[in-house]
């Protein structure tokens, strides 16, 4: 079924099996997210970016279930299940109705949007204590995360190189258009030189068991800091939206996970909170924070954020205002990636 028809239907209150007030639609490059009041429904877009493939209903169903699995430790309370979106005999499209399944959605408890950490950072309402608690939770998560020979292969040096190769392939069109060509070339040269000269550093991390199934997308937009309880949720920290679609991203060095939030705090000009987070994580985990490797992964994370924002520039479902903001973020993340690259 046409995705536009499904989106249009899910913007109507009668499509849901519970009372709904105002419906708000949020888009990412891979999902439509419908906020309905008490619950959130996340529908995967039928896209193929190379590193993920959601182009069939069967694949989207599989990755909806994977999303539940990978988020069970850090935010299992708010992930309620995978529900069908059906077309009834009348032609109406409904969630959890009776009829032909046309789509699947991940159903979650809706937390207050003002509690998203990114918004709290913008208002100066994130404390060192919040970062200490986040660091402790991430450290516990990494300690119990799955490890195996297969996971190590997914996060090994060869995959790190492949991820960078894909980054450069998928952002080449930005060079000289959205970002400065000479700066792009300099960043690429420094990254390639570091990868070529420091292979043994990555190999030593593999042998030391530092590769596990991580969160993979650990930034402030995927963290809720809930100050007071609601009807369906408690107060506290919720770290959600772990990567389910490609193990080459989710299986990584724990420092690659830590580097994402560290980079994000830099991006929000809160290096004080970054330092609190890193020191707290090191204390909780016993993990030596190797500066050159951490800097490398912060460069990687900033570059990935640039790439992800750039996808919106060609997404037909994204409006012009959102594209203007995406263009601004592409430039900002690229500048930060260049800053990290200059130290490699």
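The values are calculated or read from the model by the stated rules, or taken from the named source; none is laboratory data. Source: prediction; values computed, not measured. We place every Cβ from the backbone using ideal geometry, glycine too, and count neighbours over all the protein chains shown.
Observations, loosely collected:
- Output for segment 1-30, where each listed residue is farther than 17 Å from residue 109 by Cα and outside any helix (DSSP H, G or I): 1, 2, 11, 12, 27, 28, 29, 30
- Take the conditions (1) free of Cβ contacts under 8 Å to residues at least 12 places away in the same chain; (2) farther than 28 Å from residue 248 by Cα; residue 102 misses just one of them, which is (1).
- Considering segment 76-165, there are no qualifying strands (runs of 3 or more DSSP E) wholly inside with 3 or more residues that are farther than 29 Å from residue 47 by Cα.
- Among (1) without any contact (Cβ under 8 Å) to a residue 12 or more places away in the chain; (2) surrounded by 21 or more Cβ atoms within 10 Å (Cβ to Cβ) - the single one residue 262 does not satisfy: (1)
- Residue check for residue 33: in contact with a strand residue (DSSP E or B) (Cβ under 6 Å, 6 or more places away or on another chain), touching a residue at least 12 places away in the same chain (Cβ under 8 Å) and not in a loop (DSSP other than H, G, I, E, B): no
Yes/no per residue for (1) surrounded by fewer than 18 Cβ atoms within 10 Å (Cβ to Cβ); (2) within 26 Å of residue 307 (Cβ to Cβ); (3) assigned by TED's automatic domain parsing to the domain that holds residue 220:
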| residue | (1), (2), (3) |
| --- | --- |
| 44 | no, yes, no |
| 61 | yes, no, no |
| 70 | no, yes, no |
| 82 | no, no, no |
| 87 | no, no, no |
| 90 | yes, no, no |
| 96 | yes, no, no |
| 100 | yes, no, no |
